[in-house]
Ligand code: ATP
Ligand code: MG
């Protein structure tokens, strides 16, 4: 790209920012106004026009993927590569510094990064070694404490806890944990940032070296920086005054992880920065943009921005009120199919949800519709660790020969069965040509196991037998629930606390729901127990590989991971009170505002068409729940929204007062029935249609009968009557 092209594709304000003489600058602007574009062009400008060596440029992005993209975009626009330029996340850059200067940072050359699972395990050990009561001092809480302090830049000796005995204990844990890490050469995530900060603090010469080297610093998504990141930047960039940050206070969504919106104003003051505001949005149609703008005005204490577009009004936002969660998922897959048939690409479609557990039903609907999909930044439902753990218990109960499941759970949760004991069992199985389970039994009978592990292995065997005994007469969902509760898995994940653990518990609950709605295929029903059938279904779904990298595919992701991205077609699902916003945030204004910002982020990902969906009833934790629609939907003015409702809908009538654009949903492949329709069966009486599958003579409907519960029926034989 030559210089004129570099500037031609920008508006005046963007150009001002890109071509400004070096100084500290804040580019403050709403979603889709070209902040990231400005950052990329600024780098290209610095290299091409100001002849700044890439070696002198440091650019901070929010994710590793964004870093790779930024590098690619800059290289493309300058038509060469940018060796020597540092692009990465705060953590990535800190890690790089520590590797290069491990001695000054007082780390062994071979130091390893500790992920949060490992960190938790370490802290647990420390709590035990200090002979503290683990119930009173949960490791997870200590981990929060330690990471929080590190994020604030505090070491144990900086913490004043003279008069607070509780805090004294936490400080003690922090200190012992840190000593253990230091001895072992381990560095946790928060430590990366703190160490890098201290590295400069304690080595003024090194700091000066980097201050002189990085004469140009750029930061994207600045609204989500925390205290230690700010301090680090302050140290590196303030002296020479060439820092450009871009951000949007309305898109700050990591407050729960210590991010501080106030850093934006603080930067302006500390760095005496000039503020440039961008006001034109290039991403979305006017309807989408104005709807998002209207939503966000419900927040207080905003820095205030205007955002407009030259784009047409475009299509209205579609709001779909689903009868239940299955209907919601099916509606979405139907619309995506239509999108594909209209000649569009699947790559252009994103499904956004509040929490990971919500992906399961969407995945199922997409699989059924044969639409390839990819989960962005995460695993598919049946591939998630906690789900595999729970399934492994069910599998072993179902089939003792399942060695893989045996290996997976023999020591999960930990029950003191180490590698040594396991090797003995494996050897025995090998020499006897038996399964691991049988080898276990044999060794117990022959007294071939030593001391502590003998006891633990016996206990494990008894646990499995007991679980089987207790659960054989239960329904599939009760069985799953029983196993999750009594295997120790639930307690294990509960003890972890925090966001990741909460997501795991949510997934386990979702597994129970999956079991409660799973229906055996009548053709194989005779031969398989419901459990076997379900386990097969789970393996098949997990085995179905993700769309490969080059195949075009629908993108599924949480709202959080959609930050910075854009897609022509976007669905935001589960827009219900209690889901989004979540129950807890509804009661706390600070959290509620963060949820609203998250909704703003979600809506502003859409370029051409946005669907918002919610379900009138939803199975959660194996129970039918009725939720009101999300308040965020009500905060969007009616004129931007069209409601799509099913004809003959029999679910609770709603009085939204909105113009209702009623369309007829396809009847299920000539069955003549619709989701939510009331029907009559000669033997089972009255019921409501919940689901359907198959075509032609094979088509089946799932009906919830008032007196007989849910059943799958082959339409051709059931002689259902619509009522
Ligand atoms: P977010 O707040 O979501 O991170 P952003 O402010 O970083 O958004 P970009 O992603 O940089 O916005 O830009 C949004 C879209 O608008 C992109 O597709 C970008 O290429 C396009 N765009 C930005 N500026 C212009 C312009 N001057 N002319 C045409 N298109 C533009
Ligand atoms: Mg951006």
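The values are calculated or read from the model by the stated rules, or taken from the named source; none is laboratory data. Since we're looking at a predicted model, the values are computed, not measured. Note that each Cβ is placed from the backbone with ideal geometry, even for glycine, and that neighbours are counted across all protein chains shown.
For the reader, a short list of remarks on this structure follows.
- Count of segment 446-458 residues, restricted to those that are loosely packed, with under 13 Cβ neighbours inside 10 Å and at pLDDT 90 or above, is 0.
- Annotation: of all residues in segment 568-584 being more than 18 Å from residue 348 (Cβ to Cβ) and either within 16 Å of the chain's Cα centre (by Cα) or modelled with pLDDT under 90 (or both), the one that is nearest to ligand 1 (Cβ to nearest atom) is 580.
- Taken together, 124, 150, 140 contain a single residue that is within 20 Å of residue 230 (Cβ to Cβ), in contact with a helix residue (DSSP H, G or I) (Cβ under 9 Å, 6 or more places away or on another chain), in contact (Cβ under 8 Å) with a residue 12 or more places away in the chain and buried (at least 16 other Cβ atoms within 10 Å of the Cβ), which is 150.
- Residue 43 vs. criteria part of a helix (DSSP H, G or I), at pLDDT 90 or above and either over 25 Å from the mean Cα position of the chain (by Cα) or closer than 15 Å to residue 3 by Cα (or both): yes
- Test: residue in segment 372-391 that is in a strand (DSSP E or B) and touching a helix residue (DSSP H, G or I) at 6+ places or on another chain (Cβ under 9 Å): yes
- Search result, residues across segment 55-70 that are more than 12 Å from residue 220 (Cα to Cα) and either crowded, with 21+ Cβ neighbours inside 10 Å or within 14 Å of ligand 2 (Cβ to nearest atom) (or both): 57, 65, 69
- Residue among 565, 592, 612 that is modelled with pLDDT of 90 or more and within 16 Å of ligand 2 (Cβ to nearest atom): 565
- Residue 516 being in a loop (DSSP other than H, G, I, E, B) and either more than 23 Å from the chain's Cα centre (by Cα) or modelled with pLDDT of 80 or more (or both): no
- Every listed requirement among (1) within 16 Å of ligand 1 (Cβ to nearest atom); (2) surrounded by fewer than 22 Cβ atoms within 10 Å (Cβ to Cβ) is met by residue 106 save one, (1).
- Selection within segment 21-48 - more than 15 Å from ligand 2 (Cβ to nearest atom) and touching a residue at least 60 places away in the same chain (Cβ under 8 Å): 22, 23, 24, 25, 46
- Residues considered: 78, 123, 173. Of these, the only one that is more than 23 Å from the chain's Cα centre (by Cα), more than 19 Å from residue 201 (Cα to Cα) and modelled with pLDDT under 85 is 78.
- Test: residue in segment 244-256 that is away from ligand 1 (no atom under 16 Å from the Cβ) and crowded, with 19+ Cβ neighbours inside 10 Å: no
- Summed over segment 95-135, the residues that are within 18 Å of residue 498 (Cβ to Cβ) and part of a loop (DSSP other than H, G, I, E, B) give a count of 3.
- Pick from segment 51-75, criterion in contact (Cβ under 8 Å) with a residue 12 or more places away in the chain and away from ligand 1 (no atom under 16 Å from the Cβ), ranking: nearest to the chain's Cα centre (by Cα): 64
- Check on residue 575, under 27 Å from residue 373 (Cβ atoms) and crowded, with 24+ Cβ neighbours inside 10 Å: yes
- Residues considered: 592, 610. Of these, the only one that is more than 12 Å from ligand 1 (Cβ to nearest atom) and either out of contact with any helix residue (DSSP H, G or I) (no Cβ under 8 Å at 6 or more places or on another chain) or touching a residue at least 40 places away in the same chain (Cβ under 8 Å) (or both) is 610.
- Restricting attention to segment 265-292, the residues that are more than 13 Å from ligand 1 (Cβ to nearest atom), buried (at least 22 other Cβ atoms within 10 Å of the Cβ) and either at pLDDT below 95 or within 30 Å of residue 640 (Cβ to Cβ) (or both) add up to 2.
- Candidate set from segment 9-40 (those that are in a strand (DSSP E or B) and within 14 Å of ligand 1 (Cβ to nearest atom)); member that is surrounded by the most Cβ atoms within 10 Å (Cβ to Cβ): 27
- The one condition in (1) within 19 Å of residue 274 (Cα to Cα); (2) away from ligand 2 (no atom under 13 Å from the Cβ); (3) surrounded by fewer than 24 Cβ atoms within 10 Å (Cβ to Cβ) that residue 51 fails to fulfil: (1)
- Number of residues in segment 90-103 that are in contact with a helix residue (DSSP H, G or I) (Cβ under 7 Å, 6 or more places away or on another chain) and surrounded by fewer than 20 Cβ atoms within 10 Å (Cβ to Cβ) equals 3.
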